[in-house]
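S.K.: Shown below is the structure under consideration.
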C-alpha cells in the first residue's frame, strides 16, 4: 500500500468506508434525497453494493477510470460510492462542457466506462472511434428511474467482496479536471483519504455539525462538490439533497420543500436569489447560512442577501488541488472586504515569495497550503497526488513540501485575503496591477453586480488595464463615472484605461468568469 497520512480520530480511512459510521449509529436516518428517490443509510449502502456488481459486470477493475456526465441525482452518488468500493478511479465530467471538451477528458483519462445523460450519449456516439479505451457507454438520465443504469442497478445482486479485498486509501481514486480560465484542463488526482478528510475534520471540529440537511446545488460531477456535500454530510449523519435546478426559483423550491439548512454556491447563485422577484424570504427560512466560493463575493452582494433574507453568506477559498475548502469565514464575525476567512483547523496557510520564503503579514505572495505540524490534527492533511501523467507540473505544484496554488494573496492576523491568479497579474509600464484589486474597487460601487479586469497589449506600456462590468438590474452608470470612483480607491496607474458595460459574463462550471472570452468592441481598441 501507498504511504498514508495521519487519520482523523474516529474517521473513515476511505470513501469506501464512509457509510460505516452512520450505518452503526443511525441506519434508518435519511441519507440521500432526489426528485424520484429517497435513501436511508441502510438503503444507500445496499444500492452502492448493487452498483458495485454492475460496474464489475461492465469490466471495471481496480484502477480503471469510470467517468460520469449527468445532472444532480442520487444515481450519481450511488455510482461514485460503487467506484470507490471497487478501487476504481472516478472522473466527474460536467455536463455543461461542450462535446469536444468532454471528449478531451474521456480521452486524456482513458475512461473505460461513461455513465451519462441522453444528450451526452448522443454527442459522444460519433466520437467513439476517437476514444479507444471507452468500452461501455451507459445511459443514466437524472430523475429517470427507468434509465439503463437504474434498471441494471435495481436488478443486480449486492457485491460485498470489496470488504474482503480491501481498498488502498492513498491510491489514486479520482481525477478532477481543472475548470481553468485559460489553457487545456489538467487532471488533478486525489486519493480516497484526501476526499474524506474535510468531512472528518468537520466532524471533530464542529464547523458544520449543526447542519443536518445540506443541499447539493452545484454540479456533483465537480469533485470538490462531491467532497463538500455528500461525503461531508454522511460523516455528520445528515442528509444530502440533490438539487437538480440551478435557477433561483428552482433552488428556492428545493429549499422550501426539503427544509434545506445550508448549501455551497457561487456568487452568481447569490445574485440570482437576491434579484429574483419570485423568491420570497419565507422560501429560504430553513437556511442557517449559505456558502459562496469559486470567485470573490462582492460585499454589496453579501449585504443585499443579508438585508433581503436575514441570513449570512459565508465566503471561502479553495482549490481543486487542495482539495476543496482551504479557508472559511465564521458566522457572526466581521468579514473585511476581500477576505475569505481563516484556515481549516488541519491546514497551515502561508504566503511565500518566488523563492519559497514565507512572507510577513500584509505582504503579497503566493498562497501555499500544508498540514499543520502540531495538535491532534497534525499530519492528517495531504494535497493532491499530482497531475495525471504530467510529472513536471506535479513537481512544480508540490515543491518544497507544500501545495503551491498559483494564487496570490496576503494574510492579516490569520485571515486570508485573495488577490487573484498569479498568471493574471498585469504589468503596466513596469508596475504590477492585481486584477482582483481593481475588481474589488469596482464591486465596491453598489451599482456594480460583478466585474472582470484583464490586461491588453499596449505599444507604450506593455499592457493596459481594461475592465468589464455587469450592472445591478435597474441601475445605470457611465464608464467615466466608474473610472472616477475607482480613482478614489486606487493608485492612478491601476485605474482602468478602458471600461465596458456588459449584459453578463461567460462562466465556467464553478461560476468563474471566462476571461479568455472577454472581447472589446472593435471601435474601443487602440489603433
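The values are calculated or read from the model by the stated rules, or taken from the named source; none is laboratory data. The model shown is predicted, which means the values in this text are computed figures rather than measured ones. As a convention, Cβ positions derive from the backbone with ideal geometry for all residues, glycine included, and neighbour counts pool all protein chains shown.
S.K.: Filter region 474-495 down to residues that are at pLDDT below 90 and either within 33 Å of the chain's Cα centre (by Cα) or under 17 Å from residue 449 (Cα atoms) (or both), then give me how many there are.
M.R.: 3
S.K.: A further question follows. So in region 287-302, with the set limited to residues that are surrounded by fewer than 20 Cβ atoms within 10 Å (Cβ to Cβ) and at pLDDT below 90, which one is nearest to the chain's Cα centre (by Cα)?
M.R.: By that ranking, first place goes to 299.
S.K.: State yes or no: is residue 451 within 18 Å of residue 300 (Cα to Cα) and surrounded by 17 or more Cβ atoms within 10 Å (Cβ to Cβ)?
M.R.: For residue 451, the condition - within 18 Å of residue 300 (Cα to Cα) and surrounded by 17 or more Cβ atoms within 10 Å (Cβ to Cβ) - is met.
S.K.: Mind listing just one residue for me: the one in region 265-276 that is within 21 Å of the chain's Cα centre (by Cα) and assigned to a helix (DSSP H, G or I) and, of those, nearest to residue 317 (Cα to Cα)?
M.R.: It comes out as 267.
Per-residue answers, yes or no, for (1) part of a loop (DSSP other than H, G, I, E, B); (2) surrounded by 21 or more Cβ atoms within 10 Å (Cβ to Cβ); (3) in contact with a strand residue (DSSP E or B) (Cβ under 8 Å, 6 or more places away or on another chain):
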| site | (1), (2), (3) |
| --- | --- |
| 263 | no, yes, yes |
| 278 | yes, no, no |
| 306 | no, no, yes |
| 318 | no, yes, yes |
| 326 | no, yes, yes |
| 334 | yes, no, no |
| 340 | no, yes, yes |
| 348 | no, no, yes |
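S.K.: Out of (1) assigned to a loop (DSSP other than H, G, I, E, B); (2) modelled with pLDDT under 95; (3) buried (at least 17 other Cβ atoms within 10 Å of the Cβ), what's the single condition that is false for residue 384?
M.R.: Result: residue 384 fails condition (2) only.
S.K.: Applying the selection to region 468-497, what residues are in contact with a helix residue (DSSP H, G or I) (Cβ under 6 Å, 6 or more places away or on another chain) and more than 21 Å from residue 338 (Cβ to Cβ)?
M.R.: 473
S.K.: Do you know which residues across region 89-106 are assigned to a loop (DSSP other than H, G, I, E, B) and free of Cβ contacts under 8 Å to residues at least 60 places away in the same chain?
M.R.: Scanning region 89-106 gives a single hit, 98.
S.K.: Considering only residues that are surrounded by fewer than 17 Cβ atoms within 10 Å (Cβ to Cβ), closer than 14 Å to residue 439 by Cα and either out of contact with any strand residue (DSSP E or B) (no Cβ under 8 Å at 6 or more places or on another chain) or free of Cβ contacts under 8 Å to residues at least 24 places away in the same chain (or both), which ones fall in region 489-506?
M.R.: The answer is 489, 491.
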